[in-house]
Amino acid sequence: MHFFLCDFLLDISQNSLESGATEIKIIISETSNYISFKVVDNGKGMSDEVLKKVKDPFYTDGFKHKKRKVGLGIPFLFQTSKDCKLSSSVGKGTTIFFGFDLTDIDVMPLGNLSLTILAIFSGNCKSVCDVIVERSLTTEKGSRSYTVSRSELLEVLGDLRSSGSLSLAKQYLESKEEEINQVRVETMLDIPEKGEEL
Amino acid sequence: MTLEELRKLRAKKQDDLKKRDIEGKDCQIIVGMGTCGIAAGAKLALEAFIEALDEEGITNVSVTQTGCMGLCYVEPTVEVIVPGMPTTIYGKVDAEVAKKIVKNHIVGKKLVTDHIFDRPSIDIVKNGGK
């Protein structure tokens, strides 16, 4: 089982990266007591029949690993998130939504979001694919957001493979996350430390 | 930070580091980022590699991801390819081990013997990793 909420996002997004999508949109909305993730891709999609089966941890189409019965990681998500919706249509793409009640003691910590976005941007992608992340944080004190995309980072850094580019991309994404975390600072006194993940 | 600032930072860094870049030439680090790897903390290994390489001033090592290598019991797993050295799969790579791999394997050209887990599982080798 995953340790951080971010790990679910990374795991689920990888399915989209492998779906042959040309555009993946990830929307992360957080309030003081709720966080939701939505991953929308325009990849190959799944039929109704397959949609029923993907909640089985051992269901696989058998193409990736011929002799292994390991599924998409979706069952983990359905076990953990109480609000989880999956919809898909063949040839059009897949949309998955999952939310967590942050006041629930059983919900794991968010983890390092900027690093997760970096891992998604630099992840294995079968097609030429843009990934757009819209992240927002809203509390009683106000709302902040940012949008980052894989294509703009590729344009500036040239690649997302070499350690030098990855290091710069990491700094950039961390600065974005830090900026919106100012809202948290203004809202409460117990400010979560930067790099919560241990 | 804005994209413009990032662009400037990149230009500055490229000038600073040009001379050391021979060090990481053609080196590859491939992190296993399947469901099993993620659950075991592969993201932390990825972070540690990026940071350790940055500290050593090496910018041209290729750091990529792959799916499950079939060694779920020793995740996080990492494949390291350095010209002139055997291709190595390391297992149980946490941040500490990742730093060791950069220091000993990439820079020092010596294997980190405690964490070597041979090659990917047989069925993956046969299918060429597909």
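The values are calculated or read from the model by the stated rules, or taken from the named source; none is laboratory data. Values in this document were obtained by computation on a predicted structure and should not be read as measured data. All Cβ positions, even for glycine, are placed from backbone atoms using ideal geometry, and neighbour counts span all protein chains on display. Accessible surface is based on the protein model in full, side chains and every heavy atom, while ligands, DNA and RNA are left aside. Shrake-Rupley method; radii C 1.70, N 1.55, O 1.52, S 1.80 Å.
What to note about this one:
- Sparse packing (at most 12 other Cβ atoms within 10 Å of the Cβ) combined with a DSSP loop state is found for the following GluC sites (Glu not before Pro) in region A:128-189: A:E140.
- The charge dipole of region A:12-59, taken about its Cα centre with unit charges on the Cβ of Lys, Arg, Asp and Glu (plus for the first two, minus for the last two), comes to roughly 80 debye.
- Accessible-area value, A:L51, 1.4 Å probe, nucleic acids and ligands omitted, Å²: 30 Å²
- Shape summary of region B:29-111, radius of gyration then Dmax from alpha carbon positions: 11.6, 33 Å.
- Percent of alpha-carbon pairs separated by more than 14 Å within region A:1-45: 52 percent
- Taking the accessible area of chain A, probe 1.4 Å, and keeping the other protein chains in place, the carbon and sulfur fraction comes to 54%.
- For B:G67, residues with placed amide H under 5 Å, excluding near neighbours: B:M33
- Candidate aspartates and glutamates - alpha carbon under 15 Å from B:K8, same-chain residues fewer than 8 apart omitted: A:E152, A:E155, B:D16
- The calculated FRET efficiency for A:E49 paired with A:E152, based on their beta-carbon distance and R0 = 35 Å, is about 0.35.
- Computed over chain A, the P(r) curve from all C-alpha pair distances, binned at 10 Å from the origin, holds 8, 34, 36, 19, 3, 0 percent per bin.
- Under conditions of 4 °C and 1.567 mPa s, region A:87-171 yields 83 µm² s⁻¹ as its translational diffusion coefficient, taking Rh as the Kirkwood radius over Cα pairs in the Stokes-Einstein equation.
- The A-B contact accounts for approximately 3500 Å² of buried accessible area, totalled over both chains at a 1.4 Å probe radius.
- Using the Cβ-Cβ distance between A:V90 and A:Q171 with R0 set to 56 Å, the FRET efficiency from 1/(1 + (r/R0)^6) comes to roughly 0.90.
- Between the beta carbons of B:S62 and B:M85, assuming R0 = 22 Å, the FRET efficiency works out to 0.90 to the nearest 0.05.
- Separation in nanometres of the label points that stand 7 Å from Cα toward Cβ, at A:F63 and B:I116: 3.7 nm
- Estimated translational D of region B:44-91 in µm²/s (Stokes, Kirkwood radius over Cα pairs; 4 °C; 1.567 mPa s): 108 µm²/s
- Above-threshold pairs, the threshold being 25 Å between Cα atoms, out of B:K13/B:K110; A:K38/B:K12; B:K12/B:K110; A:K38/A:K176; A:K25/A:K170: B:K13/B:K110; A:K38/B:K12; B:K12/B:K110
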